[in-house]
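*Asks:* Below are the structure tokens for one structure; questions will follow.
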Amino acid sequence: MTAAPLVVEERVATAARERLGSAVEEVKVEHRGRISITARKETARDVATCLHEMGFDHTIAVAGVDYPVEKRIEVIYFVSSFSSGDLKHVVVSLRINLDRDKPSMQTLTPIWESASFFEREAYEMFGVDFEGHPNLQKLLLQDNWDGPPPLRKDLRIPEMA
Amino acid sequence: MMCPRYDPERFGMQAAAGAMRQSDLLIIEGTITKKMLKRVKVIWEQMPNPKYAIAMGDCACSGGLFHDSYSIVNEVQKAIPIDIYVPGCPPRPEALLNAIIKLREKIRKEEVYQR
Amino acid sequence: MSILDLNVGPQHPGSGHMRIMVKTDGDFIVEATPDIGYVHRGVEKIAESRNIIKNIPMICRPNIADDSHLNWSYIAPIETLQGVEVPERALYIRTILCEMNRIASHLYGMAIMGGVFSGHTTMYMFGFGDRELLLDLNEMLTGARMTFSFSVPGGVRRDLPGGFREKLLDTLDYLELHLPAIDRIFLSNPIFVERAKNVGVLRKADAVRLGVVGPVLRGSGVRCDIRKDAPYGVYDRLDFEIPTSKEGDSLSRWRVRFEEIRQSIVILRQAIRDIPKGPIAKKSPIMIPKGEAISRIESARGEINHYIIGDGSDKPYRVKMNTGSFKNLLALPFLLKGVHIGDLPIIYGSLDYWPIEADR
């Protein structure tokens, strides 16, 4: 398969760099349909608002990743578009790095309501506090769960031989 | 298994949709999580005697593929007495029909007071 | 106004374990809150401790009726990171299996979520009876009725057996003859229409805002389907349509699924006609190189994603899974506000919510 030029992806990345400037650490086109933007927890809301205005109207997933050695938890919002024709195939991953000991950031649900349950899951699986979330409670775990957030690397389950 | 091809009604079995207090048989299909265990016990206690239970699938028998998960119960037989275990992931419909036939034989051999 | 607290579930006929905590004022729902997690098995955590091939059966278990889509969605990021190019024949075989799964899943949905939830036993029997033919084809191709674990990084496990093509075409001919009967007894049945028309209306703007996917999204008039928007496999070479509906009510969501069965039949006929000869798999290492990738696959219930981070070993560092049912969950409390309690099974059924897939 010959690589067609990534016109749409480059256009989006350039527009993002121009509008966001120093609010983001990095904007990178990874490959077809995949753009990565790294922001800071203070600027996450502004970056999200800008992406929403550019046409990315819903989240497809919110993933947390635990890096215990680097003492950070990365929260990644994957967003895409239903309404803009040429952006439908693009997924922007908005990455925010949080301090592992006290991970907290402002909720992005006022901008993307679709992230509501995804943030709740990240809260209970990683212990990330989403300030301002309308209903930050456990979603999937049992009522009397008393261990550490399960998806952190601290919780060890028996390894398969 | 309840579909036309396998037809358990010829063995005298019908699905009781939501009517636990009128059921005789509880089939535990699939994994039981710790969150669900409390509710399974409530359902079991709501069923009137004589009552029977079949554990269907590897997960219900012993935890199966998910045996090392943080949120599931590996030994549901500690909460509810199981009469027949049906292994398989998932068990074939013929295996479940066989389990029902074996259960009928078991029932025929026992007295009512043992329940 | 006196509010009554009701529990719907977690054990209820039809779909898996899931509870809806409902507050009603008389006959009308004031507020509905979903309570999920009754089948949460911790797939993402377990996947970090097993190697990538051993993970395949486990990753596919959340949706046993729609296994091949979850399988492809898990394999795709690994293939992207490894840089392995899957042979054409394997992609066609995967497409054939996926579309057969889509038909089987929609028949299951119409039987249980449409039939049992509205008290329509004939639809239940029709749906399950026809689905058996597709399960026979699955067994012929993969050896298992439902959970196949058929795709591996680099291709598929087995080739099409002798006689498969003829049996597939026979089954498709039969389905095409039987679909109008299903339409008559279910979708055009005046009683079901009375229950489902204008019930649970989800307008286009709300559908986009809530981020729903799959037939729920297309039933509200948004023409989005990953198979057309971001084609994977061989979908860019196949000629098919995306059914949508403008009304956004429960009946139109079922209508969309019904028409998708027809389109899947069209796709299957093309795929079995155009499938090229060649190898069915390319050797690929049991190792994920360092990097990250996310997949987007259109399953029967909507878009599913697998986000995999590799660290150079044979085990993934992180597997994040998001399925169509979990994305559609947000529509449930929104749609149930203010409706009559009798409409709850209809609306809940029309979302085709599969709790095991949502809880993972």
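*Asks:* Is at least one residue of the range C:72-86 in contact with a Cys (Cβ under 8 Å, 6 or more places away or on another chain), away from chain B (no Cβ under 14 Å), under 21 Å from residue C:154 (Cα atoms) and surrounded by 24 or more Cβ atoms within 10 Å (Cβ to Cβ)?
*Replies:* Here is the first cut: in the range C:72-86, the ones in contact with a Cys (Cβ under 8 Å, 6 or more places away or on another chain) are C:72, C:74.
Applying the additional criterion that residues be away from chain B (no Cβ under 14 Å) yields C:72, C:74.
Restricting the remaining residues to those that are under 21 Å from residue C:154 (Cα atoms) gives C:72, C:74.
This time we only want the ones that are surrounded by 24 or more Cβ atoms within 10 Å (Cβ to Cβ), so: C:72, C:74.
Checked the range C:72-86: at least one residue is in contact with a Cys (Cβ under 8 Å, 6 or more places away or on another chain), away from chain B (no Cβ under 14 Å), under 21 Å from residue C:154 (Cα atoms) and surrounded by 24 or more Cβ atoms within 10 Å (Cβ to Cβ).
*Asks:* Looking for whichever is in contact with a Ser or Thr (Cβ under 9 Å, 6 or more places away or on another chain), surrounded by fewer than 20 Cβ atoms within 10 Å (Cβ to Cβ) and without any contact (Cβ under 8 Å) to a residue 40 or more places away in the chain here; the options are A:70, A:42, A:25, A:53. Which one fits?
*Replies:* A:25
*Asks:* Being of a type outside the set (Phe, Trp, Tyr) and within 13 Å of residue A:90 (Cα to Cα): is that true of residue A:25 here?
*Replies:* No.
Conditions tested, residue by residue: (1) surrounded by fewer than 16 Cβ atoms within 10 Å (Cβ to Cβ); (2) away from chain B (no Cβ under 14 Å); (3) in contact with a Cys (Cβ under 6 Å, 6 or more places away or on another chain).
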position	(1), (2), (3)
C:143	yes, no, no
C:151	no, yes, no
C:162	yes, yes, no
C:168	no, yes, no
C:172	no, yes, no
C:175	no, yes, no
C:184	yes, yes, no
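*Asks:* Scan the range A:36-60 residue by residue and report those that are at positive phi and at pLDDT 90 or above.
*Replies:* Result: no residue meets the conditions.
*Asks:* Ok, one more. Filter the range C:252-264 down to residues that are out of contact with any Ser or Thr (no Cβ under 8 Å at 6 or more places or on another chain) and not small (Gly, Ala, Ser) and give me whichever is surrounded by the most Cβ atoms within 10 Å (Cβ to Cβ).
*Replies:* Ranking the candidates gives C:257 first.
*Asks:* Return yes when residue B:42 is farther than 28 Å from residue C:127 by Cβ, at pLDDT 85 or above and exposed (fewer than 15 other Cβ atoms within 10 Å of the Cβ) and no when it is not.
*Replies:* On the way: farther than 28 Å from residue C:127 by Cβ: yes; at pLDDT 85 or above: yes; exposed (fewer than 15 other Cβ atoms within 10 Å of the Cβ): yes.
Here the answer is yes, as residue B:42 does meet what is asked.
*Asks:* Name the single residue that is farthest from the other protein chains (Cβ to nearest Cβ) among those in the range A:35-67 being out of contact with any strand residue (DSSP E or B) (no Cβ under 6 Å at 6 or more places or on another chain) and in a strand (DSSP E or B).
*Replies:* A:67
*Asks:* A further question on this structure: Of everything in the range B:26-67, what is more than 15 Å from residue C:39 (Cβ to Cβ) and in contact with a Lys or Arg (Cβ under 9 Å, 6 or more places away or on another chain)? Give them in sequence order.
*Replies:* Correct list: B:26, B:44, B:46, B:47, B:48, B:49, B:50, B:51, B:52.
*Asks:* Then there's this: Restricting the search to the range C:128-168, which residues are more than 23 Å from the chain's Cα centre (by Cα) and part of a helix (DSSP H, G or I)?
*Replies:* Of everything in the range C:128-168, those that are more than 23 Å from the chain's Cα centre (by Cα) and part of a helix (DSSP H, G or I) turn out to be C:164, C:165, C:166, C:167.
*Asks:* Let me ask another. Is it the case that some residue within the range C:90-101 is touching a residue at least 12 places away in the same chain (Cβ under 8 Å), within 10 Å of another protein chain (Cβ to nearest Cβ) and of a type in the set (Lys, Arg)?
*Replies:* Looking through the range C:90-101, none of the residues is touching a residue at least 12 places away in the same chain (Cβ under 8 Å), within 10 Å of another protein chain (Cβ to nearest Cβ) and of a type in the set (Lys, Arg).
*Asks:* Consider residue C:231 carefully, then state whether it is without any contact (Cβ under 8 Å) to a residue 40 or more places away in the chain and of a type outside the set (Gly, Ala, Ser).
*Replies:* It is true that residue C:231 is without any contact (Cβ under 8 Å) to a residue 40 or more places away in the chain and of a type outside the set (Gly, Ala, Ser).
*Asks:* Of everything in the range A:100-123 that's in contact with a helix residue (DSSP H, G or I) (Cβ under 6 Å, 6 or more places away or on another chain), within 12 Å of chain C (Cβ to nearest Cβ) and assigned to a loop (DSSP other than H, G, I, E, B), which residue is surrounded by the most Cβ atoms within 10 Å (Cβ to Cβ)?
*Replies:* Selected residue: A:111.
*Asks:* For the range C:191-295, which helices (runs of 4 or more DSSP H) that fit wholly inside it have 1 or more residues that are at pLDDT 90 or above, away from chain A (no Cβ under 14 Å) and within 16 Å of residue C:95 (Cα to Cα)?
*Replies:* C:250-274
*Asks:* Let me ask something additional. Look at residue A:126 and say whether it is touching a residue at least 60 places away in the same chain (Cβ under 8 Å), of a type in the set (Phe, Trp, Tyr) and more than 8 Å from chain C (Cβ to nearest Cβ).
*Replies:* Yes, satisfied.
*Asks:* Mind telling me which of the residues C:21, C:58 ends up being at pLDDT below 90 and either more than 7 Å from every other protein chain (Cβ to nearest Cβ) or on the phi > 0 side of the Ramachandran plot (or both)?
*Replies:* C:21
*Asks:* I would also like to ask the following. Report yes if some residue within the range A:9-28 is among the acidic types (Asp, Glu) and part of a loop (DSSP other than H, G, I, E, B); otherwise report no.
*Replies:* No, the range A:9-28 contains no residue that is among the acidic types (Asp, Glu) and part of a loop (DSSP other than H, G, I, E, B).
*Asks:* Return yes or no: is residue B:24 in contact (Cβ under 8 Å) with a residue 24 or more places away in the chain, buried (at least 18 other Cβ atoms within 10 Å of the Cβ) and more than 14 Å from chain A (Cβ to nearest Cβ)? Outline the logic, then answer.
*Replies:* Numbers: in contact (Cβ under 8 Å) with a residue 24 or more places away in the chain: yes; buried (at least 18 other Cβ atoms within 10 Å of the Cβ): no; more than 14 Å from chain A (Cβ to nearest Cβ): yes.
Considered against the rule, which asks whether it is in contact (Cβ under 8 Å) with a residue 24 or more places away in the chain, buried (at least 18 other Cβ atoms within 10 Å of the Cβ) and more than 14 Å from chain A (Cβ to nearest Cβ), residue B:24 comes out as no.
*Asks:* Given the conditions (1) surrounded by fewer than 21 Cβ atoms within 10 Å (Cβ to Cβ); (2) closer than 22 Å to residue C:224 by Cα, which single one is not true for residue C:327?
*Replies:* (1)
*Asks:* Restricting to the range C:301-345, and then to whatever is β-branched (Val, Ile, Thr) and more than 15 Å from residue C:215 (Cβ to Cβ), can you tell me which residue is farthest from the other protein chains (Cβ to nearest Cβ)?
*Replies:* Here the residue is C:339.
The values are calculated or read from the model by the stated rules, or taken from the named source; none is laboratory data. These numbers were taken from a predicted model, which means no experiment stands behind them. Cβ atoms come from the backbone with ideal geometry, glycine included; neighbour counts cover every protein chain shown.
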